[in-house]
Structures are given as structure tokens and as C-alpha cells.
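Please read the structure below before turning to the comments.
The values are calculated or read from the model by the stated rules, or taken from the named source; none is laboratory data. Predicted model, so just to flag it, every value in this text is computed and none were measured. Here the Cβ positions follow ideal geometry from the backbone for every residue, glycine too, while neighbour counts run over all protein chains shown. With ligands, DNA and RNA removed, areas are computed over all heavy atoms of the protein, side chains included. Shrake-Rupley method; radii C 1.70, N 1.55, O 1.52, S 1.80 Å.
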Amino acid sequence: MALRLDDRDEARLAGTEGEALRMATSIVARLAAAMDADRLLDVTGAHVDACLYLGPATLDFADRMADAGARVAVPTTLNVSSLDLRHPDLYRGDPDEARAARRLMERYEEMGCRPTWTCAPYQAEARPGLGEHVAWAESNAIAFANSVLGARTHRYGDFVDIACAVTGRAPAAGLHLDANRMASVVYRLDGASSELLDRDVLYPVLGGLVGRSVGKEIPVVDGLPPEVSEDRLKALGAAAAATGSVGLFHVVGSTPEAPDLATALGGREPDRVVDVTPSDLRAARDLLTTAVGDRLDVVSLGTPHYSVAELGRLTELLGDRRIHPDVALYASTGRDVLREVELRGWVARLEAAGVRLVVDTCTYVTPIIDSDARTAMTDSAKWAYYAPGNLGLEVAFGSTEDCVESAVAGRVVRDEGIWAGA
């Protein structure tokens, strides 16, 4: 299929609107050709992941674009960076890398991007609606936009994301198209207890199971309670995107393109049906733990960034208790959420309990955790999946309740009861 560019795109490729637009249009057009798209389409927004400093190449590219006069053409949010600008004392890394990371952040702001520094841009008031085309990067954000909001974005990576933002264009291919959004694999819950179905911890575990097994197909989950909350869908999607390549999932009765199973499947028979049993769920949960024993040095919450509701739940679970002196508990969130939580008076309560709040970044990509730490606990399947390789830590996975109780006790404790009858 031949890519046909319109007159505006052709003119930009010819350099009539400057070098920045020429470069950005070239990147988008080459991607479109690789995806067998026949045209480009307009997007109404973008979310950029390339602002995370991963070495000199990331800054070199931003410098080249910014120096050429690049400006985003659509509202554009920024993913996590490599620094927490609100709490700079948390950073334990190389000072030269910190300076480069700060410069990278500045360059994206110069291009007109909004300094949100969050992996959960969907928690802001302004977010895309059903059927709206955007160009989002960051795996969990992509999954949420497509699945929970019903917006349309393909899985865009570094440099492509800012190119789409500068041009306001994206390939008319992949998950932007109706034909590519229908589910083909059904995950049918079979025998899970009503208690487990109503616990937050189920959703990252189920997402990890789906991500590891679905391959490149689009999954639909059947058998969950109707109207699953956004935070639970967020956890499911983040886990599926981290452990696999899921950019879109459906949940019958909860996501906008799956009011029922037949609609999610587009009226077709599924390629396969996977019955998810209690033993499957326990096995998927156990895959998220690498640690042996009850040693605990760190608890990390908020991957993806915690919402207002999740920080409220953390405040409630802690009550008037304090974190054990031998344990560091980090809770990551976005700036916009932190401001709301400050207004509610929760920040003071959390800090008094010993919680260290992190914004602008994430603890598995930035050197924040003490290098002497050996074992960490988390309620995030995404964090559990990446931290052993990124940080060299052993990880214990558990519910938020487990994480709080463990942080207070100073050792790993978990409630096995909800899994025993699953």
C-alpha cells in the first residue's frame, strides 16, 4: 500500500515551513510507510516519553529539534523525567547525568510541552474522549487511552512522539483504525471468589497474566464485576503493557468499546478462549515475586503514578501509625495530584508517618532507592516486572494493604486468605 501525503505534508518535507517541521514530518512519514499506512491523520494531542534521559542521544535529538525552532502543534504532556524537581535531595545518581537530564527537561518545555512529568496524563482534567485521535507514548498511558477512554493512539516510542506532536499528524494505521481494535482472545474468569473480584490486588495480577500470554492479539476480559474503577483498569493495563505488548484491552461491562462480549469481538468468534482459574491467578501472582524470606528494605508504591483516590487510601490505611525505621516507603505521583492531596491535608499526614513522596519521576528509572537496599515490596505489577533488572533488587509483590502492613512491621507480611479460596 503506497503512502499518499497531502500538499501540506509534501510542503513540509520540502522544508517550506522550516527544518524542525521537515525533520518531524520525515519521521512520521517514514513510520507510516513502515506500517503500510496509506495516509496521515490529524491528532488532537500528544504525550511524550522522550523527555526521560537515557543517554546523550536523547538530549542530542531534543537539542536538534529545539534549536531548529520546533514547537508542538497540539496540546502535549510530558511523561516522567529523570529528576524529582520538587524533592531534589532524593536523587542519588551522577551529578553530570542530573544536569543533562535537567537540560533535557528544559528543551521539551521550550518546544511548548506542558511540564506534567507524569506517566498518568489521563488523571488530569483535560484528556481525550471517545474516538479522538492522539499520539501517546508510555506503555500504560497508551493502554489507558485506548482501553479506558476509548481514544485512539498507536504504541508510539521515543522521538516519534515529539515528531507527532510537532506536526500534529500520525500514521493512519494500527490502533487508530476500527479494523484493528476488535478483540480476538477472550479471558474468561472461572471460579474466582467474590472477595478477590472486589480487591484491588486482582487487577495487576490479571493484567500480568494477560500480558504474558496474549502476544500481539487484543484481549477482552469477561467475568469481572461491571463498571470496574479507573484505578483498577489502570493497574490491569499497566501490567499487561509491561509484561507484554498490550496497547488495547477490553473489559466487558467496563470499557467503552465492550458493553458486551459480542461488541468487543466485533461480532466474530474469538481465535481462542482462555479460562482463568484460581490456580492460574495464584501462579501469575507468584511470578511477580523474586524475593525469598521476609527481609524488607524498601516499599515502592505508585507505578503508574498514584491517583488522588489511591493516596487517600494510603493515608487511611496508615492511620496514625509510622513506617518502621528500617524501611523506606516511597509513593510516586504526579504534580497535579500532589497539589490536590496537599489541599486535602494528606501530605502532612503521610510525611509524618514516614512516607517519602516522589513526583516527576519513578523509583525504578531514577537512582532514588539506597544502593544498600536488597529487598523491596510493591503493589505494582509493572514495578515488580522492571525493578529486578533495573535496580538489582529482589521484589516481593503484594496488595496495597500488604505493603502498608509490611512497611509498619519492618518485614514482608502478606494476607494469603484472599488467594486461598480463589
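Quick one: which of 92, 86 is under 23 Å from the mean Cα position of the chain (by Cα), over 12 Å from residue 166 (Cα atoms) and of a type in the set (D, E, K, R)? Explain how you work it out, then say what you get.
On the way: 92 fails: under 23 Å from the mean Cα position of the chain (by Cα).
One residue alone meets the criteria, 86.
Quick one: would you say residue 188 is assigned to a strand (DSSP E or B) and either at negative phi or open to solvent by 10 Å² or more (accessible area, probe 1.4 Å) (or both)?
Values: assigned to a strand (DSSP E or B): yes; either at negative phi or open to solvent by 10 Å² or more (accessible area, probe 1.4 Å) (or both): yes.
Yes; evaluated as a whole, the condition is true for this residue.
Hey, does the range 24-34 have a residue that's β-branched (Val, Ile, Thr), touching a Leu at 6+ places or on another chain (Cβ under 6 Å) and more than 25 Å from residue 118 (Cβ to Cβ)?
The answer is yes, given that some residue of the range 24-34 is β-branched (Val, Ile, Thr), touching a Leu at 6+ places or on another chain (Cβ under 6 Å) and more than 25 Å from residue 118 (Cβ to Cβ).
Can you go through 404, 395, 359 and tell me which one is in contact with a Gly (Cβ under 8 Å, 6 or more places away or on another chain) and surrounded by 21 or more Cβ atoms within 10 Å (Cβ to Cβ)?
Exactly one of 404, 395, 359 is in contact with a Gly (Cβ under 8 Å, 6 or more places away or on another chain) and surrounded by 21 or more Cβ atoms within 10 Å (Cβ to Cβ), namely 359.
Output yes when any residue across the range 323-344 is open to solvent by 20 Å² or more (accessible area, probe 1.4 Å), over 23 Å from residue 394 (Cβ atoms) and among the small types (Gly, Ala, Ser), and no when none is.
The first filter runs over the range 323-344 and keeps only residues open to solvent by 20 Å² or more (accessible area, probe 1.4 Å), leaving 324-326, 335-336, 339-340, 342-344.
Filter once more, keeping what is over 23 Å from residue 394 (Cβ atoms): 335-336, 339-340, 342-344.
So of that shortlist, the ones also among the small types (Gly, Ala, Ser) come out as none.
No, the range 323-344 contains no residue that is open to solvent by 20 Å² or more (accessible area, probe 1.4 Å), over 23 Å from residue 394 (Cβ atoms) and among the small types (Gly, Ala, Ser).
Which fully enclosed strands (runs of 3 or more DSSP E) of the range 203-315 have 3 or more residues being under 30 Å from residue 336 (Cα atoms) and in contact with a strand residue (DSSP E or B) (Cβ under 6 Å, 6 or more places away or on another chain)?
Those strands (runs of 3 or more DSSP E) span 298-306.
Any residue in the range 85-101 that is hydroxyl-bearing (Ser, Thr, Tyr) sitting within a Cβ distance under 7 Å of a residue that is open to solvent by 30 Å² or more (accessible area, probe 1.4 Å) and in a loop (DSSP other than H, G, I, E, B)? List the pairs, counting only those 6 or more apart or interchain.
Note: pairs meeting the criteria are 91/367.
Given (1) of a type outside the set (S, T, N, Q); (2) more than 13 Å from the chain's Cα centre (by Cα); (3) within 21 Å of residue 71 (Cβ to Cβ), identify the lone condition not met by residue 136.
Of (1) of a type outside the set (S, T, N, Q); (2) more than 13 Å from the chain's Cα centre (by Cα); (3) within 21 Å of residue 71 (Cβ to Cβ), only one is false for residue 136: (2).
Against the conditions (1) open to solvent by less than 10 Å² (accessible area, probe 1.4 Å); (2) part of a helix (DSSP H, G or I), where does residue 117 fall short? Just the number, please.
If we test residue 117 against (1) open to solvent by less than 10 Å² (accessible area, probe 1.4 Å); (2) part of a helix (DSSP H, G or I), just (2) comes out false.
Cβ contacts < 6 Å: first residue surrounded by fewer than 16 Cβ atoms within 10 Å (Cβ to Cβ), restricted to the range 58-75; second residue of a type in the set (D, E, K, R), any location; separation 6+ or different chain. Result?
68/19
For the range 373-392, what are the residues that are more than 14 Å from residue 298 (Cβ to Cβ) and open to solvent by less than 10 Å² (accessible area, probe 1.4 Å)?
Restricting attention to the range 373-392, the residues satisfying the condition of being more than 14 Å from residue 298 (Cβ to Cβ) are 381-382, 385-386, 389.
Within the range 373-392, 381, 382 qualify.
Residue 6 fails exactly one of the following numbered conditions: (1) of a type outside the set (A, V, I, L, M); (2) more than 20 Å from residue 75 (Cα to Cα); (3) open to solvent by less than 40 Å² (accessible area, probe 1.4 Å); (4) in contact (Cβ under 8 Å) with a residue 24 or more places away in the chain. What is the number of that condition?
(3)
Assess whether residue 40 counts as being open to solvent by less than 30 Å² (accessible area, probe 1.4 Å) and in contact with a Lys or Arg (Cβ under 6 Å, 6 or more places away or on another chain).
yes
Suppose we filter the range 252-292 for residues that are at positive phi, under 26 Å from the mean Cα position of the chain (by Cα) and without any contact (Cβ under 8 Å) to a residue 12 or more places away in the chain; how many remain? Walk me through it before giving the result.
First pass over the range 252-292, keeping only residues at positive phi: 253, 266-267.
Next, from what is left, pick out any that are under 26 Å from the mean Cα position of the chain (by Cα): 253.
With without any contact (Cβ under 8 Å) to a residue 12 or more places away in the chain added as a condition, the list becomes none.
Looking only at that region, the number is 0.
Just to be sure, is residue 33 surrounded by fewer than 24 Cβ atoms within 10 Å (Cβ to Cβ), at pLDDT below 95, out of contact with any helix residue (DSSP H, G or I) (no Cβ under 7 Å at 6 or more places or on another chain) and aliphatic (A, V, I, L, M)?
Numbers: surrounded by fewer than 24 Cβ atoms within 10 Å (Cβ to Cβ): yes; at pLDDT below 95: no; out of contact with any helix residue (DSSP H, G or I) (no Cβ under 7 Å at 6 or more places or on another chain): yes; aliphatic (A, V, I, L, M): yes.
No: the conditions fail for residue 33.
State whether one or more residues within the range 120-129 are under 21 Å from residue 264 (Cβ atoms) and either assigned to a strand (DSSP E or B) or open to solvent by 10 Å² or more (accessible area, probe 1.4 Å) (or both).
yes
Can you list residue pairs whose Cβ atoms sit under 6 Å apart, with the first residue in the range 129-143 being farther than 14 Å from residue 46 by Cα and the second being open to solvent by 20 Å² or more (accessible area, probe 1.4 Å)? Count only pairs 6 or more apart in sequence or on different chains.
Hits for this filter: 130/256.
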